[in-house]
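Taking it in order: structure first as structure tokens, then the write-up.
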Amino acid sequence: MTVTPLAAHTSDRPAPAFRGRIGRDARSGHYAVPGRYRLHLSTACPDGLRIAITHGLLGLDTVCPATFLPAVPDSPDGGHSALRPLYEASAHRYTGPAVAPVLSDDWSGRIVSTHAPDIMRDLDRRFDGDRLSLYPCGAESEIEAVERMCAQGIEQAAQRAGSTGGEPVDRDMALTTLLETLGALERRLEGRTHLIREEITAANVELWVALVQLDTVHRNHLDASAVQRIADHPTLWAYARRLAAHPAFGGHLDLGGIARRHHARCHGLEAAGAAVQILDWAAHSAH
């Protein structure tokens with residue numbers, strides 16, 4: 001079954017500072033060797049949470065260790081001081097913030113990539129073993145469509161719907177887009193355990209993190225009526241609750257960290273929807 005992608009839309013994410021890849025062999029420069037690479041993640045960040053879940057599902061704790069960073073960066077520019085040496089070693093006179101996520105090469109002491117989608121795919125494809133495949137053969141286009149739906153139809157639409165700037169008609173249109181996307185996903189999940197295929201894939205990771213952000217972050221800037229309409233997708237939220245019980249998903253959910261990161265970064269006004277929690281994530285999460 002195919003997933004219909006949304007129209008192209010420019011992402012709100014900044015361009016990655018580094019975008020190297022792990023190749024298949026020594027000719028690629030960066031090639032897969034157990035213990036060579038390290039992840040630097042904050043699970044309060046959506047991209048960090050996506051990578052942490054992927055890392056956990058693939059069982060790569062010893063193959064590619066992960067260092068977990070504080071929820072709120074400690075540098076005035078919004079970066080992590082612990083990552084500054086890596087950035088400065090990787091780019092001459094680097095002046096930007098030392099942000100996570102980072103995939104680094106312990107052999108050289110430099111950064112391979114700060115681009116979450118590439119990191120997730122390389123973790124899945126470059127380290128051999130008897131693990132599941134999160135990007136199974138033939139499913140890439142469906143997974144990319146889910147990525148776009150989550151980024152544009154959930155995360156960006158929810159952010160615009162809760163924005164204090166702009167015109168009311170623009171906020172209404174964004175809420176309509178959000179509800180239409182949730183409705184499409186609700187219908188797709190009826191009678192199914194997973195979003196695509198009959199196994200966990202990267203599509204599950206993308207959607208689950210988007211739903212976490214919707215309920216723990218974006219809901220705070222929506223009115224109560226909008227949140228009630230968002231919550232009125234029982235199959236979708238039952239799916240989110242079910243995945244929260246999986247150790248690789250709920251085990252990385254840092255609700256306190258997400259709240260601290262949001263309050264440190266957000267300058268918007270809190271709305272009535274902040275009082276209407278959709279899921280009790282702490283009760284359902286595996287820790």
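For a test of the definition: using alpha carbon positions, the gyration tensor, and the 1.5 limit on a/c, classify the range 219-287 as rounded, prolate or oblate.
Taking the square roots of the gyration eigenvalues as a ≥ b ≥ c, the range 219-287 is oblate.
Assigning unit charges at the beta carbon (Lys, Arg +1; Asp, Glu -1) and nothing else, what dipole magnitude in debye, to the nearest 20, does the range 99-168 show about its Cα centre?
With Lys and Arg at +1 and Asp and Glu at -1, about 160 debye.
Can you give the relative contact order of the range 54-106 as a percent, counting alpha carbon pairs under 8 Å and 6+ residues apart?
27
With runs of 4+ DSSP H residues as the only contributors, calculate the mean residue ellipticity of the chain at 222 nm using -39,500 (n - 2.57) per run, divided by the residue total and rounded to the nearest 500.
-12500 deg cm²/dmol
So if R0 is 30 Å, what FRET efficiency would SER133 and HIS284 give, r being the distance between their Cβ atoms, rounded to the nearest 0.05? If you can, show how the numbers build up before the last one.
On the way: r = 27 Å, r/R0 = 0.89.
E between SER133 and HIS284, to the nearest 0.05, is 0.65.
Could you give log10 I(q)/I(0) at q = 0.15, 0.16 Å⁻¹ for the chain, computed by the Debye formula over C-alpha point scatterers of equal weight, without solvent?
Log10 I(q)/I(0), no solvent term: -1.22, -1.37.
Amide H of VAL112: which non-local residues (sequence gap of 5 or more, or other chain) have their own amide H closer than 5 Å, using H built in the peptide plane?
The list, which skips near neighbours in sequence, is LEU103, SER104, ASP105.
How much of the accessible area of the chain, in percent, comes from carbon and sulfur atoms when a 1.4 Å probe is used?
After summing per-atom areas, the C and S share lands at 51 percent.
Between GLU186 and ARG19, take the C-beta separation as r, use R0 = 35 Å, and let me know the FRET efficiency to the nearest 0.05. Don't skip to the answer; put the middle values down first.
Numbers: r = 35 Å, r/R0 = 0.99.
The pair GLU186/ARG19 has a calculated efficiency of 0.50.
Which order, highest average first, do 195-207, 104-116, 156-168 follow once you tally other Cβ atoms within 10 Å for each residue and take the mean per peptide?
Highest-to-lowest ranking by the protection proxy: 195-207, 104-116, 156-168.
With point charges of +1 on the Cβ of Lys and Arg and -1 on the Cβ of Asp and Glu, referenced to the Cα centre of the range 141-287, which listed residue (GLY166, LEU255, LEU195) lies farthest in the positive direction of the dipole?
My answer, from the dipole projection, is LEU255.
Between the range 107-143 and the range 19-33, what's the alpha-carbon centroid distance in Å?
So the two Cα centres are separated by 12 Å.
Mind listing the phi-derived Karplus ³J(HN,Hα) values for the range 44-58, rounded to whole Hz, using 6.51, -1.76 and 1.60 with θ = phi - 60°, and x for any glycine or proline?
Coupling constants for the range 44-58: 6, 8, x, 5, x, 5, 4, 5, 4, 5, 4, 4, x, 4, 7 Hz.
What net charge do the residues around HIS262 carry, taking every other residue with its C-beta under 11 Å from that of HIS262, with Lys and Arg at +1 and Asp and Glu at -1?
With Lys, Arg at +1 and Asp, Glu at -1, the neighbours total +3.
State to the nearest 20 debye the size of the charge dipole of the range 35-136 about its Cα centre, where the only charges are +1 on K and R beta carbons and -1 on D and E beta carbons.
Values: 10 positive and 12 negative charges, 24 e Å.
Approximately 120 debye in magnitude.
Determine the distance separating the Cα centre of the range 179-248 from the Cα centre of the range 39-100; give it in Å without decimals.
Centre-to-centre distance over Cα atoms comes out at 26 Å.
Let's see if you can work this out: charge +1 on each Lys and Arg Cβ, -1 on each Asp and Glu Cβ, no other charges. What is the dipole magnitude of the chain about its Cα centre, in debye to the nearest 20?
Charge dipole of the chain: 560 debye, to the nearest 20.
Per residue, how much accessible area does the chain have with a 1.4 Å probe, in Å²?
So the chain comes to 47 Å² accessible per residue, rounded to a whole number.
Give me the net charge of TYR31's neighbourhood, meaning all other residues with Cβ under 9 Å from the Cβ of TYR31; Lys, Arg count +1, Asp, Glu -1.
That works out to +3.
Charges on Cβ only, +1 for Lys and Arg, -1 for Asp and Glu, centred on the Cα centroid of the chain; of ALA44, GLY109, ALA244, which one is farthest towards the dipole's positive end?
GLY109
I need the shape label for the range 140-287. Rule: rounded when a/c is under 1.5, else prolate if a/b > b/c, else oblate, with a, b, c from the alpha carbon gyration tensor.
Here the range 140-287 falls in the oblate category.
Which of the three applies to the range 105-205, rounded, prolate or oblate, going by the alpha-carbon gyration tensor with a ≥ b ≥ c and a/c under 1.5 meaning rounded?
Working: a/c = 4.01, a/b = 1.48, b/c = 2.72.
It is oblate, given that a/c is not under 1.5 and a/b is not larger than b/c.
The values are calculated or read from the model by the stated rules, or taken from the named source; none is laboratory data. These numbers were taken from a predicted model, which means no experiment stands behind them. All Cβ positions, even for glycine, are placed from backbone atoms using ideal geometry, and neighbour counts span all protein chains on display. Calculation scope for accessible area: heavy atoms of the full protein, side chains included, ligands and nucleic acids excluded. Shrake-Rupley method; radii C 1.70, N 1.55, O 1.52, S 1.80 Å.
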